[in-house]
Structures are given as C-alpha cells and as structure tokens.
Amino acid sequence: MKALKTLNPYFWKHRILLFWGFLFIVASNFFNIFKVQFVGKSVDEIANNDTFGFNQQVLIYVGIIVGSSLLTGFFTFMMRQTIIVTSRKIEYELKNKIYRHYQEMTLSQYKSTTIGDLMNRLSEDVVAVRMYLGPGVMYVVNLVVLLIVTSIYMVNTDAEMTLWTLIPLPILSFVIYKVSSIINAKSKIMQKSQSAISTFVQDSFSGIRVVKFFAKEKYIEKNYGIKVKDYQEKALDLAKTEAYFFTIILFVIGILNVAILWIGGQKYLANEISVGKIADFFMYINILIWPFSMVGWVTSVNQRAEASMSRINEFLEQVPEIINTNHSVYPIRGEIEFRNVSYVYPNTGIKAVKNLSFKVKAGESLAIMGKTGSGKSTIALLLCRMIQPTEGVILIDGKDLEEHNLENYRQAIGYIPQESYLFSDTIANNIGFPMDHPTEQEIIKYAKKADVHKNIVKFKEQYQTMVGERGVMLSGGQKQRLCIARALIRQPQILIFDDSLSALDTETEENILNNIENDLRNCTSIIITHRESTAKKADKILNLT
Ligand SMILES: Nc1ncnc2c1ncn2[C@@H]1O[C@H](COP(=O)(O)OP(=O)(O)OP(=O)(O)O)[C@@H](O)[C@H]1O
C-alpha cells in the first residue's frame with residue numbers, strides 16, 4: 001500500500017471531520033449492539049410469563065430497542081456525512097491537482113499521454129481511489145469497532161457459542177475477497193470493451209462525412225455490431241460472477257443460523273442458556289455478517305485503489321519540460337531574433353528546424369514560405385515557447401525567451417492556428433475567449449476586422465449562435481475568421497498567422513489585411529503562407545528550403 005500512503009496528507013488535512021466520523025462509527029455500533037440484549041430479555045420475559053397482554057417490562061425493553069435503533073440510524077447518517085463527505089472532498093482536490101498538472105505539461109508531453117489517458121485518470125482512477133478513501137476506510141474502521149463491541153456482548157452472553165459462530169466469518173471474508181477480485185478484473189475487461197465502443201462511435205461520428213462519401217456505412221455498422229457483441233459477452237460474464245456474491249453471503253447466513261440453532265438448542269435442553277440469549281445470537285450474527293463480507297470486498301477495492309494511485313502518482317511526478325521562473329510583469333515590444341535555432345522532435349527524431357537565424361524588428365512583418373513539412377509550424381511553436389530549441393537561442397526584445405515571464409509573454413501573442421479550433425460554445429464566447437470580460441462592442445469590432453461580422457448577423461441567434469462541436473456549424477473560412485478575431489481582440493504585440501488565411505479567397509484575405517492594417521502596424525507579425533501574393537505584402541520574406 002505504498003502508493004496509497006501519498007494520500008496521508010489529505011487525511012491529515014481533513015482530520016477533524018474524520019475524527020468526528022470515527023466517533024460516529026463507535027456511537028452507531030454501540031447503539032446497534034446495545035439494543036440486542038433487550039430483544040433476548042423481551043423474549044425471556046414473554047416466555048417466563050405465560051400471560052398474554054400488557055407487560056410493562058416488555059414495553060420498556062421495546063422503548064429501549066426503538067430508541068437505540070433511532071440513535072443507530074442517526075449516528076450512521078452522521079458517519080456517512082463525515083467520512084463519505086471527506087472522501088468526496090479529497091476526490092475534488094485530487095481531480096483538480098491532476099487537471100492542473102495536465103495544464104502545466106508541455107506540448108510534446110501531451111503527445112505521449114492521450115486524451116483517453118487523461119479521462120481515465122480523472123474518472124476511473126480517481127473513483128477507485130475514492131472508494132478506498134470513503135467506503136474502504138469506513139467499513140474497515142466500522143468492522144474493527146463492531147467486532148470489539150459485539151465480541152464483548154457475545155462473550156458475556158455465551159463464550160462457547162461466540163467461538164463457534166465467529167470462526168466461519170474470516171473464511172467468509174476471504175471467499176468474498178476472492179470473488180470481489182474476480183468481479184473487479186471482469187468489470188475492468190467490461191469497461192475496456194465499453195471504452196472501445198465509445199472511441200469507435202466518437203471516431204466514426206467525427207468522420208461521418210468521410211464514411212458517407214465512401215459509402216462505408218455498412219462496414220462501420222458491422223464493426224460496431226462486433227464491438228457491441230463483445231461488450232454483451234463481457235457484461236454477461238460479469239453478471240454471472242456477481243451473482244455468486246450474494247449467494248455466498250446468504251449461504252453462510254443460513255449455515256450460521258443452523259449452527260446457532262443446533263448448539264443453542266442443545267445448551268437450552270441442558271438448561272445452560274435461555275431462549276432469549278439464543279435470539280440474541282441470531283441478531284449478533286446478522287449484524288456481523290455484512291461487515292465481514294465487506295472486508296473481503298474492501299480488500300479488493302483497496303488493491304484496485306493502490307494500482308490507480310500509483311498510476312496517478314507516476315503522472316504527477318512527471319516534471320513539466322517548460323517551467324516559468326520569472327513572474328514580473330512588463331510590456332513586450334515584439335522584437336524577435338532566432339540565433340542558430342534547431343529543433344528535433346523527440347518522438348520521431350525529425351530535425352524540423354535546422355540552424356535557423358533571422359531577425360524581425362518590433363512592428364515589422366515577416367512572411368515565412370516553404371514546402372510542406374519544411375518546419376514553418378514548428379517555428380510558430382518555438383516562437384510561442386510551446387517547445388524549446390534543441391540548439392540555438394530565441395531572443396525576444398533582446399532577451400532569451402527562456403528568461404521571460406511565460407504567462408506575460410504569451411499574453412502578448414495572438415496566434416491563429418493552421419487548423420481552426422473552436423470551443424463548443426457561442427460565437428461571442430469563442431471570439432472573446434482570450435479576454436476575462438470582453439464587451440459586446442469589442443467582440444463586434446474585431447469580428448468586423450476579421451470580415452466575419454456580416455456572416456454572423458445572418459445567423460438567427462447572431463453572436464449567441466452555438467458553433468457546435470469544434471465549430472461544425474461553420475464553414476472552414478468562417479472558422480478561420482473567428483480565429484483571427486479571437487487573436488486580434490487581445491491587441492497582441494506579436495501576431496502569428498500559421499497558414500491561417502488559406503481557407504479564404506484572395507478578396508476576403510485582402511479585406512482582412514486592409515482592416516487590420518493599423519493593428520499590424522502596432523505589432524510584429526509573422527505570416528506563414530503558401531501564397532506569394534500574401535508574402536509580398538510583408539516587410540521581409542523568409543524562404544525555407
Ligand atoms: N508533433 C510532431 N512530432 C513529430 N514530428 C513532427 C511533429 N510535428 C511535425 N513534425 C515533423 O516536423 C516536420 C516539420 O513539420 P511542420 O508542421 O513544422 O511543417 P510545415 O512547414 O508547417 O508543414 P505544412 O506546410 O504542411 O503545414 C515534418 O517533417 C513533420 O513530419
């Protein structure tokens with residue numbers, strides 16, 4: 001349980017709530033067991049008094065039983081309110097920590113950890129850990145307390161019967177542990193099958209146009225059918241094993257009841273025990289059997305949590321490749337210099353940028369041209385410090401980019417990506433994304449500059465139109481122009497067009513460049529393009545070979 005030890009600081013943080021939780025466990029168990037003796041006493045009272053009707057003593061016992069039951073219920077409620085609530089709080093903190101760490105990772109590190117991986121860590125792994133934090137801890141403490149309290153009462157009632165009835169319970173725990181482990185393994189296999197269906201559906205629906213263009217609907221349907229069939233088999237297999245869980249518990253309850261009846265009956269005939277005390281034993285066993293079954297279940301839950309926690313820890317221990325050490329805030333003018341910069345992609349070993357040197361003064365524009373795959377987008381990534389040069393240095397305003405305050409620097413950049421990415425939100429929110437509180441006027445102003453306002457007002461909901469998932473409701477050119485408006489709204493000092501005018505006709509491109517002439521004059525612009533006509537408008541042209 002090495003990995004789970006890393007959760008100790010969280011337990012410590014919530015120690016007060018946990019402390020109360022443990023007290024409530026003790027209280028709920030005490031009242032749960034306390035009432036049992038009065039069941040036996042009532043039985044004996046009724047058995048010893050042949051008269052039917054009103055019996056004051058029995059009424060008092062019934063009052064105690066009802067009162068104790070109410071208190072047991074109340075303290076059980078409080079126990080869940082403290083321990084389960086603590087586990088939910090820790091789950092929340094853990095999820096935020098993982099998400100924050102994902103945001104800190106460098107672009108190249110994302111390549112090695114997929115979206116599926118992130119989703120798994122945030123959902124499956126954290127849930128597995130929460131099961132340890134909540135039910136895991138609660139049931140174990142509950143059992144220990146219950147066992148102590150019950151044993152005292154049971155031994156006081158009859159030591160020999162206590163021994164005989166307690167012996168099978170650890171065996172029950174072990175069997176349930178084995179069954180739970182098999183259930184866990186099978187539910188994991190079933191989940192994998194479920195994820196395969198989700199991935200397949202997501203992929204085929206994202207590419208539904210391609211599927212239809214090539215008339216491959218039947219092929220996709222057949223593959224989907226195979227995956228669903230596989231899932232059905234796994235789910236049925238799991239259901240069969242799960243059926244054993246309660247069967248075993250009920251079987252053991254039956255055996256124990258027979259044992260109590262057998263041993264108790266003999267003792268009763270030998271005048272060693274009263275009927276009431278036999279009744280008490282039935283109750284004790286029925287109270288103990290569930291926590292003992294739970295121990296088996298909890299052991300397997302904890303094993304799963306250990307595996308999940310070590311996966312989470314392994315991820316949290318990864319150090320982001322790019323760390324911001326400068327936290328001062330200052331203006332960026334926008335002078336850019338690449339000095340003998342090279343970049344090799346670590347995963348493929350491809351040298352995308354080779355010993356590149358150029359200089360752009362603040363306010364100047366530079367067009368970058370070159371064949372596909374010549375490293376143009378890589379230059380943009382280097383410039384945004386999404387990746388770091390493997391050789392050479394990038395200077396911004398004469399200072400090494402690595403020494404700049406990254407957040408401050410990125411806020412001075414307007415980046416328009418090659419593939420327009422929009423969030424599944426309204427047009428207004430997509431344009432205003434870089435700002436904390438953009439005004440409607442600002443959004444419209446920059447939509448006009450990006451020559452997209454006239455398209456937006458034609459939509460029924462205008463700026464409140466939802467763009468659909470990744471902007472599927474919009475044309476390629478509309479998406480690109482929304483991305484341009486989004487980059488301009490922050491009035492950046494460095495504006496980077498990563499081949500982002502390609503989906504526009506030359507007239508629209510011309511309109512945009514005229515509209516943003518003033519903005520361009522106030523910032524340094526890097527225009528990656530395949531069009532010679534666009535490149536010619538820049539102050540300088542860099543041709544990559
Ligand atoms: N994430 C990556 N991992 C590994 N190699 C990459 C990655 N991205 C790009 N490359 C490789 O780096 C080289 C340069 O790619 P880059 O995207 O910079 O070219 P580009 O000039 O922008 O191309 P295009 O004009 O087609 O957009 C290519 O050979 C490409 O295969």
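Figures for the structure shown
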| read-out | value |
| --- | --- |
| Relative contact order computed over the chain (Cα-Cα under 8 Å; 6+ residues apart), in percent | 16 percent |
| Span from the segment 291-318 Cα centroid across to the segment 1-39 one, whole angstrom | 19 Å |
| Of the chymotrypsin sites (Phe, Trp or Tyr not before Pro) in segment 210-277, those whose Cβ has at most 13 other Cβ within 10 Å and which sit in DSSP loop | Phe214 |
| Taking all pairs of distinct alpha-carbon atoms in the chain, Kirkwood radius in angstrom | 29.6 Å |
| Segment 165-206: projected area of the alpha-carbon convex hull, averaged over directions, in nm² | 3.1 nm² |
| Among the listed pairs Lys95/Lys188; Lys361/Lys445; Lys35/Lys277; Lys216/Lys479, those beyond 19 Å (Cα-Cα) | Lys95/Lys188; Lys361/Lys445; Lys216/Lys479 |
| The chain - charge dipole about Cα centre, Lys and Arg +1 at Cβ, Asp and Glu -1, debye rounded to 20 | 860 debye |
| Sorted peptide list for 437-448, 335-346, criterion being average Cβ within 10 angstrom, highest first | 335-346, 437-448 |
| Bins of 10 Å from zero: percent of alpha-carbon pairs in segment 336-544 | 8, 35, 35, 19, 3, 0 |
| Approximate spin-label separation Ile189-Gln418, in nm, with each point projected 7 Å along Cα-to-Cβ | 4.3 nm |
| By average C-beta atoms within 10 angstrom, highest first, the peptides 492-500, 271-279, 70-78 | 492-500, 271-279, 70-78 |
| For Leu495, residues with placed amide H under 5 Å, excluding near neighbours | Gly414, Thr524, Ser525, Ile526 |
| At most 11 other Cβ within 10 Å, DSSP loop - trypsin sites (Lys or Arg not before Pro), segment 120-192 | none |
| Leading residue at positive end of dipole, the chain (Cβ point charges), from Ile379, Leu422, His327 | Ile379 |
| Dipole-positive endmost among Ser187, Ser525, Gly73 within the chain (Cβ charges, Cα centre) | Ser525 |
| 18 Å Cα-Cα reach of Lys212 towards aspartates and glutamates, excluding residues that sit fewer than 8 places from it in its own chain | Asp203, Glu221 |
| Exceeding the 24 Å Cα-Cα cut-off - candidates Lys376/Lys540; Lys218/Lys240; Lys5/Lys97; Lys449/Lys536; Lys89/Lys240 | Lys218/Lys240; Lys89/Lys240 |
| Size of charge dipole - segment 204-251 - debye, nearest 20, with Cβ of Lys, Arg +1 and Asp, Glu -1, no other charges | 380 debye |
| Debye, to nearest 20: dipole size of segment 336-544, +1 on Lys, Arg Cβ, -1 on Asp, Glu Cβ | 340 debye |
| In degrees, nearest ten, helix 56-104 long axis to first principal axis of the chain (Cα) | 20 degrees |
| Burial ranking of peptide ranges 313-322, 32-41 (average Cβ count within 10 Å, highest at the top) | 32-41, 313-322 |
| Neighbour-count ranking [beta-carbon atoms within 10 angstrom, fewest first] of Lys536, Lys449, Lys354 | Lys536, Lys354, Lys449 |
| Where N is the number of residues in segment 395-459, Cα Rg divided by 2.2 N^0.38 Å | 1.42 |
| Among Tyr268, Gln232, Phe251 the positive-end extreme of the charge dipole of segment 194-272 (Cβ point charges) | Gln232 |
| Residue order, fewest to most beta carbons within 10 Å, for Trp12, Trp20 | Trp12, Trp20 |
| Helix-only [θ]222 nm of the chain, DSSP H runs n ≥ 4, -39500 (n - 2.57) each, per residue, nearest 500 | -20500 deg cm²/dmol |
| Two-decimal ratio, segment 334-435, of alpha-carbon radius of gyration to 2.2 N^0.38 Å | 1.18 |
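Read-outs throughout are calculated quantities, based only on the coordinates presented, and are distinct from any laboratory measurement. Since the structure is predicted, the reported quantities are computational estimates derived from the model, not experimental observations. Reconstructed Cβ throughout: ideal geometry from the backbone, glycine too, with neighbour counts over all protein chains shown.
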